[in-house]
Each structure stands twice: as structure tokens, then as C-alpha cells.
Amino acid sequence: MSRLGPWAACSTLAVVMMLTMLSLLGASCSILSLLLPAAAVDGLPADAAAVSYEGYQVVRIRPATESQLTSLQVVLNDTELAAVDVWREPSRPARPVDVNVPPQVYPMLIDALKSRGLTYAVMVDDVQGHIHRESSKTRRVRRELRRKPAGSIVGTYASSADIVSWLNELAKTSSRVTLHSYGKSVEGRDMTLVKICNSTGTTKPIVFIEAGTHAREWIGHATALWIIDQLATSADADVARLLDAADWYVVPVVNPDGYEYTQSTVGESTASTGHSGGRFRTASGVRIGRQTRAPHAAEWT
């Protein structure tokens with residue numbers, strides 16, 4: 001098993017979806033500090049962790065027309081505003097553009113936006129403050145991760161077989177966990193659905209999480225395992241609230257064949273097979289998300 005590397009890429013969409021889901025359940029968005037793998041943060045170099053964003057603000061700009069979009073691009077290309085960090089690039093009218101703005105150029109940026117009639121709003125008025133508020137929670141998560149028993153796969157890039165084995169053990173030790181098999185993959189690997197609930201006997205909404213459709217994006221599998229572990233074992237009050245609010249269903253490895261393939265041939269799948277086996281297909285070439293209906297559905301039974 002390999003540990004999570006320092007630059008593991010996590011889907012922005014996945015984070016947004018998680019924030020939205022937690023908001024609908026009435027949970028604090030800071031619960032992400034419990035659900036996201038702390039090992040991904042542990043890998044960051046010391047100089048990256050020491051960067052200060054004191055006085056930085058996140059500004060959202062909404063160009064309404066093609067003309068305003070062009071004006072905004074001119075503003076962001078101004079060399080005097082080179083310190084502005086563009087988080088979401090201008091692409092089309094009405095699509096918001098998010099920028100992280102250092103204090104020394106904030107007045108200049110705002111003046112430029114106002115002079116061009118561009119609508120904007122401050123989304124985060126104290127970036128460093130948010131970092132400080134989360135730091136203690138991150139340290140707690142790291143301590144919890146280090147206390148995991150020997151053999152735990154949480155915080156690692158485990159194989160499909162190790163994941164199934166760990167889930168079986170977890171189901172034996174946690175009354176919250178029930179495993180359901182929904183068949184075999186093309187290459188005969190187990191396809192497992194994990195149900196996590198607090199068995200109150202009441203009907204609740206269902207939260208469904210899947211990971212690993214794009215098999216090369218290993219951080220998805222690791223994040224799903226972290227979520228399962230927290231929901232199944234944590235005594236934290238926020239986790240209890242999540243279990244009270246909904247029953248949780250998680251598929252941690254949607255594409256076990258592609259996942260195993262990428263683990264054994266990282267960076268070589270496209271060159272050696274002529275298809276993107278690690279991203280959208282199984283190792284044998286079935287394109288997940290495109291060919292799961294008849295006549296291809298039989299390949300997934």
C-alpha cells in the first residue's frame with residue numbers, strides 16, 4: 001500500500017457536492033475536516049504549509065456580457081495585478097470568476113472592476129482566518145489517523161482486494177456497517193456497496209457516494225474509505241448528527257478492474273493498450289458511464 005502523495009488531485013466538483021450535501025443536512029461545512037484524508041495534508045512540504053494569506057480576500061466577479069467578459073480578461077492580464085490568483089478563469093458571460101486577492105492590490109482591482117461596470121462580491125473576507133480556524137481540526141484528524149491500528153488502510157492507496165478485506169473486518173466490528181454485493185466486475189472482482197446507519201428504525205433520506213469511476217484518480221478511493229471509517233467508527237458529535245439525518249450508501253471502488261490496472265501500470269495504460277483503461281474504462285476496455293446499458297449491461301453482472 002502506498003501512502004497518499006503530497007500533490008494528490010481532488011475533484012473540485014466532489015468537494016462542492018459534499019459541501020452542498022452537508023448544507024442540506026444542516027451540518028457545518030467544517031465537517032469536511034473530519035471527512036477528508038488528513039494524510040493528503042501531511043504530505044505537503046513545510047514551505048507550502050508556511051505560506052501566509054493574511055489580508056487576502058476571495059472575490060467573485062460576474063461578467064454579464066461578452067463585452068464585460070473581454071474587459072475582465074484585460075483586467076486580469078494587467079501586469080500590475082499579476083499577484084491576483086485566478087481560481088476560476090473567465091470563460092463565458094454570466095459564469096462567475098473567482099479570484100484570491102492579496103491586500104496590496106485589492107484596492108486597484110476593485111477600482112478596475114468598478115470603472116468597467118463589472119459586478120463583484122466578496123465571498124471570503126479573511127482567507128487566513130479560515131485557515132487558522134481549520135488548523136486545530138486538521139491536527140486532531142492527523143492524531144486520529146496516526147492512532148489507527150496496524151493494518152488499517154485508511155490514509156493509504158490500498159488495492160481493491162485490501163479494500164474488500166478491510167470492509168469485511170469493519171462490518172464485523174461496527175454495528176453501523178452492512179455490506180451488500182451487487183455483482184462482479186468484468187474481471188471477476190467483488191463489487192461492494194457499503195451501508196452505514198445508526199439503526200434507529202426510522203425512515204431517513206439517503207446519501208449516496210461513489211468513488212473510483214475514473215480509476216487513476218486514487219484520491220477518490222482514499223477519500224471514500226476515510227468517509228466510511230469516520231461514519232462507522234467516530235464518536236464525534238457532528239458525525240452522529242450526520243447519521244441521525246440520513247442513511248449513507250458508499251461505493252468506494254466503482255471500477256475495480258481499472259483501479260488495479262492503474263496500480264500495476266501507472267502512466268502506461270494508454271500507451272500499452274491504446275485506450276484509457278485507467279480513467280473511464282476497465283482494463284478490458286469497457287467504457288464506464290457510456291456502456292452500462294443494454295447490450296453492454298450484461299458485462300457488469
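What follows is calculated from the coordinates using simple rules that are stated; it is not laboratory data. On a predicted model such as this, the values are computed, not experimentally measured, just so you know. Every residue, glycine as well, gets a Cβ built from its backbone with ideal geometry; the counts of neighbours run over all protein chains shown.
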Exercise. Which far-off residues, 5 or more places away or on another chain, put their amide H under 5 Å from the one on GLU210, with H placed in the peptide plane?
Worked result: VAL251
Problem set entry | In the range 43-133, trypsin sites (Lys or Arg not before Pro) in a DSSP loop with at most 13 other beta-carbon atoms within 10 Å | ARG88
